[in-house]
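Data block below; observations after.
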Amino acid sequence: MAALDDYDFSGTDAGASHVFNMEAGQIRVGGFMCIKDKPCKVSAVSTSKTGKHGHAKCNFTAIDVFTNKKYEDIIPATHTAHIPVVTRKDYDLIDISDDGFLTLMDDEGEMKEDLKLPEVPESYSRDLKIAFEKAQEASTGISVSVLTAMGHEQVMSHKELTEGK
């Protein structure tokens with residue numbers, strides 16, 4: 001029998017999944033779902049009546065949360081669909097490096113330096129750099145909102161901080 005010291009537990013994670021299952025008929029507009037393995041926000045749902053094959057079908061139109069691409073899918077109402085676990089967290093933007101990496105700080109003072117400027121849309125990266133430069137000149141700060149879904153993180157929006165935060 002192996003001793004407990006023979007195992008290396010230092011590299012484990014919590015085992016949390018990036019998605020969970022939900023019946024397709026329960027998904028509503030404004031909710032999230034995966035279409036073609038992309039995390040999407042549902043913008044329209046229509047449900048057809050039961051046909052001769054016995055299942056009502058849900059027609060979904062959804063927008064990818066990271067790229068804003070439109071996706072459509074049809075799923076029987078009683079079948080399960082994957083729902084992504086989506087979280088949003090605010091950080092203070094401390095610095096933008098020359099190679100596009102952001103230095104962020106959360107409310108507890110923890111630093112995050114592994115996030116790059118968003119690639120899509122390209123104009124947003126430029127806008128964020130300009131806002132950061134203006135905030136540095138005015139001696140104020142920038143707060144960014146980071147969306148996390150299915151193992152991907154991206155800065156989605158920013159706002160200028162006032163003196164009192």
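The values are calculated or read from the model by the stated rules, or taken from the named source; none is laboratory data. Keep in mind it's a predicted model, so treat the numbers as computed, not measured. Areas reflect the complete protein model, heavy atoms only, side chains present, ligands, DNA and RNA absent. Shrake-Rupley method; radii C 1.70, N 1.55, O 1.52, S 1.80 Å.
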Q: Using θ = phi - 60° and the Karplus relation 6.51 cos²θ - 1.76 cosθ + 1.60, list the HN-Hα couplings for the range 45-52 in order, rounded to whole Hz, with x at every Gly or Pro.
A: 9, 10, 10, 8, 6, 5, x, 5
Q. Carbon and sulfur atoms: what percent of the 1.4 Å accessible area of the chain do they account for?
A. 49
Q.
Suppose accessible area is computed on protein heavy atoms with a 1.4 Å probe; arrange Glu137, Glu72 from highest to lowest.
A. Glu137, Glu72
(Q) Pairwise over distinct Cα atoms, reciprocal of the mean inverse distance: report the Kirkwood radius of the range 92-165 in Å, one decimal place. (A) 12.7
Q | More than 26 Å apart - percent of Cα-Cα pairs taken over the chain | A | 47
Q.
With a cut-off of 8 Å between alpha carbons and a minimum separation of six or more residues, what is the relative contact order of the chain in percent?
A. 18
Q) Taking only DSSP H segments of four or more residues, each worth -39500 (n - 2.57), what value at 222 nm results for the chain once the sum is divided by all its residues, to the nearest 500 deg cm²/dmol? A) -3000 deg cm²/dmol
Q. How large is the accessible surface per residue of the range 72-147, computed with a 1.4 Å probe and reported in Å² as a whole number?
A. 60
